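Here's the structure, in structure tokens; my notes come after.
Bear in mind that the values in this text are calculations on the coordinates, not laboratory data. Remember, predicted model here, so these are calculated numbers, not experimental data. Methodologically, a virtual Cβ is constructed for each residue, glycine included, from the backbone with ideal geometry; neighbour enumeration extends over all protein chains shown.
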Amino acid sequence: MYKPLEAFIGLRYLRAKRRNHFISFISLISMMGIALGVTTLITVISVMNGFEKELRTRILGAIAHATIQPVDGAMMDWRSVVDQAEKHPDVNGAAPFIEEGVWLQGSESSGALIRGVQPDYEIRVSEVSEKMLTGKLADLRPGEYGIILGLGLASRLRVGPGDRVTVIAPRLKASPVGASPLMRRFTVVGAFEFGEFENDSTLALINIEDAARLLRMPEGSISGVRLHLQDMYQAWRVAREISEELSGYHIVRDWTQERGNLFQAVKTEKTVMWVILSLIIAVAAFNIISMLVMVVTDKQSDIAILKTMGARPGTILRIFVIQGSLIGIIGTSLGVVGGILLAQNIGLVVPFLERLFGFSLFPSDIYYITELPSDLRVTDVTKFALMSLVMSFLSTLYPSWRASRTHPAEALSYD
């Protein structure tokens, strides 16, 4: 004899008989609905994770995880500050900087953010050396007044390597004819591209000593120190700990204050998308309720006979819980497999569909990201699978409870 009895009967009810093909069809639809919902949820969230990772790489590749700046506007003896910051166990690297909003004049003119950097330190906190299209970061030698432009900024100024650019700072200097803005001519020695609009279209790099001379800052002074951390989400805490070890008062800023709104928007979109796509699984779970209600109605006489043979209400309840749960388990398993395969191969699927239907999903002349990224995470797969299983199980409770309440005399009186 098959044991346990509940599993044997529940499995039997999943198979179609001559008079209940429609019920089996509803079971199949419920199963495929759950599989489709889980597959879609895993794939879409993995793609959104990929976009978030791509944005983080492109945006945070040029900006620091955190900055420490003195309240009085200038920091002296920056080497000791950098050395002290790099002693912190959560800091990967630190670098001095000077930043100022300026006006650039080439063949055309444009506003920009100019950053004075120390090339051998800058590679510790940013990826600009890896994003160079022409030239290299080491070309920013002190006293030669070289400048490296973002590709978008260089295009706007209509300049290239070897061209001259006038940098006009919003600070005044006294002269015999009156006050005039600080300005100096720089030579373009390179260009970089991060693939992100703000970095590529507004940022220019010069040597930190040239920046100090341009802005008439005291020799050896800087605006502050930039930090690159092991965990970017601990930026505020780590920067505060370092600043408290320094003498004087300092202003601490982290990446969330510069670009945090963008990442928060992506996080909100992921949450909303998760809720919307979860409705697909919810609809499939409601189909399980409908299917079990029809099965219970169809099997009234069978339930009555089982009860007259000594089956307890709990046994009847477990029969239909097992039947509905099996639909959820099979559907969830198919969805997990399908979602993992699709998320891992989305980079191949999208180009195939573009060639098949003759369209481009991300035209390179419009979007910086021209490929569909994907970042499959085990935690997401586990979370979605558990959610699907729980919803499937909960959908079985009411119909199973109704089945366990069947009265044998009433059910058999109509046969």
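Could you tell me the relative contact order of the range 72-248? Use alpha-carbon pairs under 8 Å, at least six residues apart, and round to a whole percent.
Working: 380 pairs, mean separation 58.6, N = 177.
Computed over the range 72-248, the figure is 33 percent.
Using a 10 Å cut-off around each Cβ, can you sort Thr308, Thr134 from fewest to most neighbouring Cβ atoms?
Details: Thr308 12, Thr134 16.
Going from least to most buried by this count: Thr308, Thr134.
Rounded to the nearest 5, what is the percent of antiparallel bridges among the DSSP beta bridges in the range 72-248?
On the way: 34 of 44 bridges.
The antiparallel proportion sits near 75 percent.
Highest mean first, how do 113-121, 85-93 rank when packing is the count of other Cβ atoms within 10 Å averaged over residues?
Values: 113-121: 20.6, 85-93: 16.3.
Final packing ranking: 113-121, 85-93.
Once you have a ≥ b ≥ c as the square roots of the Cα gyration tensor eigenvalues for the range 72-248, tell me rounded if a/c is under 1.5, and otherwise prolate or oblate according to whether a/b is larger than b/c. List each step's numbers first, then the result.
On the way: a/c = 2.14, a/b = 1.34, b/c = 1.59.
Note, shape of the range 72-248 comes out oblate.
Along Cα→Cβ, 7 Å out, is where each label goes; now give me the distance between the ones at Tyr249 and Leu341 in nm to one decimal.
Going by the 7 Å Cα→Cβ label model, 6.4 nm.
Which order do the peptides 243-249, 139-145, 63-69 come out in when sorted by mean C-beta neighbours inside 10 angstrom, highest first?
Values: 243-249: 11.6, 139-145: 16.4, 63-69: 24.0.
For the peptides 243-249, 139-145, 63-69, the packing ranking is 63-69, 139-145, 243-249.
Would you kindly derive the ³J(HN,Hα) couplings of the range 122-127 from the backbone phi angles with the Karplus curve 6.51 cos²θ - 1.76 cosθ + 1.60 (θ = phi - 60°), listing them in order in whole Hz, with x for Gly and Pro?
These are the phi-based 3J(HN,Hα) values: 4, 5, 7, 10, 9, 9 Hz.
Counting other beta carbons within 10 Å of each residue's own, what order do Val272, Val252 fall into, fewest first?
Val272, Val252
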